[in-house]
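All remarks here apply to the structure that follows.
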Amino acid sequence: MSDIVTMEKITSLCKRRGFIYQSSEIYGGLSSAWDYGPLGVELKNRIAQFWWKEMTQLHDNIVGIDAAILMHPKVWEASGHVANFSDPLVDCKGCKMRFREDQLEEEFRKNKKCPNCGGELTEPRMFNLMFKTSIGPVQDASSVVYLRPETAQGIYVNFKNVVQTSRVKIPFGIAQIGKAFRNEITTKNFIFRTCEFEQMEMQYFIKPGEDDKWFEYWKKERIEYYEKLGIRKNKLRFHQHGPNELAFYAKDAYDVEYEFPFGFSEIEGIHNRTDYDLGQHTKFCGKEQNYLDEETKERFVPYVIETSAGLTRQVLVVLADAYDEDEAQGETRTVLRFHPKIAPVTVGVFPLVKKDGLAELAKKIELDLREEFSTFYDHGGAIGRRYRRQDEIGTPYGITIDYETKENNTVTLRFRDSMEQVRVNVNELSARIRQEIKDYKRS
Ligand code: ATP
């Protein structure tokens, strides 16, 4: 199975079926920026809703916020991004290509030779990844603002606001989903690494000394999350940051990695950020960012366990993991085996033929299902082709209305994965689909 899926196949399916398009394509495209089409936006929204529910509704003591993308420039001085959020950049003196030195293979890094043309590479220069712009009509040093490179700081600077207004008590978390921007030097692999992307972050505030316990707790929770999302377990692994990878403020850090067609790569970071961020904001804004435990009357600066996932990167995980090909009636069938909870369309509804009132009957059944499920009505072409079109966009259930429906009020319910079909009474359809979604297991 793993060799069936390639980045070319995913990219081309996404374009062909309206999941993801190149940004500004009619002008030749903007490299590394992507637009989500009708199915892509549904998939992305469903993943975001799934994460939000998992992280807020299903946990005690986690609340959400939605902070602005533009923040006071001091935030990024305090966080260390102005001074440190840089990648080492090298240029080829021959072909002028640009690389991140830390991403070059050992041999090229040592010999300072370009992997593209064998030319000589320059010494590394540090390149800050933040996009800088200005606010207001005058452009001077006082008008500088940055597009946020992570959503985490919006949470830290609202720590006191949330404590004072929402009655949360430590340990508690603040979750946020939103855009982040990084001027990445090397963008590649479709939506894996882009300059504009979305993050889903949750910062968990705890008592110092309890950090190891909560770190283990969140590691376990987060890996289980991906399994609930329908991602195959054998494609996931942890990677612990070694001393050279660990951010200077982090006490411990693990990446969750997924095996993409281009190899295992990071999809989420789980970090013990200690009291670094709140401590820095205390220094820079002059107001204590601490917490009073009302029972013990103890005042302290909380430690933070961060879980930081990429939403747009998770769209790629879901697509890569769902992509499959098998044989159906002597043809190769492309099928996206999405978990039904996140499939852009849940139920396809098809009249066997348009005539004899079957189309009207099918439309009526579809309208009833719409209240609860995302549906797609299709009466064009042979039934087999209609099934195939839905398989390719990952629709888990198909309903066919035929002459028997008129006689005994039953329809055919077809399952995407097994292609099996069963007859179900129309009155029991919603309940049956609801149950199927609940019990879904990928075969
Ligand atoms: P890298 O070292 O690969 O540049 P990072 O370790 O700096 O990434 P984090 O800052 O920990 O990444 O970001 C948390 C998550 O945000 C990542 O696991 C990833 O899912 C997502 N992410 C980060 N940068 C990008 C990007 N350029 N494009 C898409 N998603 C990103």
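The values are calculated or read from the model by the stated rules, or taken from the named source; none is laboratory data. Here the structure is a predicted model, which is why all the values come from computation and not from measurement. Methodologically, a virtual Cβ is constructed for each residue, glycine included, from the backbone with ideal geometry; neighbour enumeration extends over all protein chains shown. Heads up: the accessible areas ignore ligands, DNA and RNA and are worked out on the full protein's heavy atoms, side chains in. Shrake-Rupley method; radii C 1.70, N 1.55, O 1.52, S 1.80 Å.
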Original post:
What share of all Cα pairs of the range 195-293, in percent, falls into each consecutive 10 Å distance bin?
Top reply: 13, 38, 33, 13, 3
Original post:
Relative contact order for the range 345-439 using alpha-carbon pairs under 8 Å, separation at least 6, rounded to a whole percent?
Top reply: 28 percent
Original post:
Where in the range 87-173 are there trypsin sites (Lys or Arg not before Pro) that are in a DSSP coil and have at most 15 other Cβ atoms within 10 angstrom of their Cβ?
Top reply: Lys93, Lys96, Arg167, Lys169
Subject >> Measure of compaction for the range 345-439 (Cα Rg per 2.2 N^0.38 Å) >> reply: 0.96
Original post:
If you take the alpha carbon radius of gyration of the chain and divide it by 2.2 N^0.38 Å, what ratio comes out, to two decimals?
Top reply: 1.14
Original post:
Which value, in debye to the nearest 20, gives the size of the charge dipole of the range 41-107 about its Cα centre, when Lys and Arg are +1 and Asp and Glu are -1 at the Cβ?
Top reply: 360 debye
Original post:
What percentage of all Cα-Cα pairs in the range 234-364 are separated by more than 19 Å?
Top reply: 71 percent
Original post:
What are the GluC sites (Glu not before Pro) within the range 83-184 that DSSP puts in a loop, where the Cβ has at most 13 other Cβ atoms within 10 Å?
Top reply: Glu105
Original post:
Which percent of the accessible area of the range 278-384 is formed by carbon and sulfur heavy atoms (probe 1.4 angstrom)?
Top reply: 50 percent
Original post:
What relative contact order, as a whole-number percentage, does the chain give when Cα pairs under 8 Å and 6 or more residues apart are counted?
Top reply: 13 percent
Subject >> For the range 115-164, with +1 on Lys and Arg beta carbons and -1 on Asp and Glu, the positive-most of Gly118, Ala152, Met130 along the dipole >> reply: Ala152
Original post:
Put +1 on the Cβ of each Lys and Arg and -1 on the Cβ of each Asp and Glu in the range 345-439; which of Thr400, Gln421, Gln390 then has its Cα farthest toward the positive end of the dipole?
Top reply: Gln390
Original post:
What number, in percent, do you get for the relative contact order of the range 1-113 if the mean sequence gap of Cα pairs under 8 Å and at least 6 apart is divided by its residue count?
Top reply: 11 percent
Subject >> Residues of the chain: accessible area per residue with a 1.4 Å probe, Å² >> reply: 49 Å²
**OP:** Just name one of Val304, Ile267, Tyr204: the one whose Cα is farthest towards the positive end of the charge dipole of the chain (beta-carbon charges, Lys/Arg +1, Asp/Glu -1).
**Re:** Ile267
Original post:
What percentages, rounded to whole numbers, describe P(r) for the range 264-307 computed over all alpha carbon pairs with 10 Å bin width beginning at zero?
Top reply: 26, 37, 26, 9, 2
Original post:
Suppose every K and R has +1 on its Cβ and every D and E has -1 on its Cβ; what is the size of the dipole of the range 345-439 about the Cα centre, in Debye to the nearest 20?
Top reply: 260 debye
**OP:** Using a 1.4 Å probe and ignoring any ligands, DNA or RNA, find the accessible area of Ser134 and quote it in Å² to the nearest 10.
**Re:** 40 Å²
Original post:
Just how large is the dipole of the chain about the Cα centre, in debye to the nearest 20, putting +1 at every Lys and Arg Cβ and -1 at every Asp and Glu Cβ?
Top reply: 680 debye
Original post:
Which of the residue pairs Lys9/Lys93; Lys9/Lys44; Lys341/Lys364; Lys53/Lys233 have a Cα-Cα distance greater than 27 Å in the structure shown?
Top reply: Lys9/Lys93
Subject >> In the range 273-310, the GluC sites (Glu not before Pro) that fall in loop regions by DSSP, at most 15 other Cβ within 10 Å >> reply: Glu288, Glu294, Glu295
Original post:
How compact and how long is the range 121-176, expressed as Rg and Dmax of its alpha-carbon atoms in Å?
Top reply: 17.6, 56
Subject >> Heavy atoms of His281: accessible area, 1.4 Å probe, square angstrom to 10 >> reply: 20 Å²
Original post:
When the Cα centres of the range 378-443 and the range 303-335 are compared, how far apart do they sit, in Å?
Top reply: 23 Å
**OP:** With a Förster radius of 60 Å, plug the Cβ-Cβ distance of Phe248 and Asn409 into 1/(1 + (r/R0)^6) and report the FRET value to the nearest 0.05.
**Re:** 0.35
**OP:** Once you've got the GNM for the chain with C-alpha springs shorter than 10 Å, pick whichever of Asp66, Asp321, Asp275 has the biggest mean-square fluctuation.
**Re:** Asp66
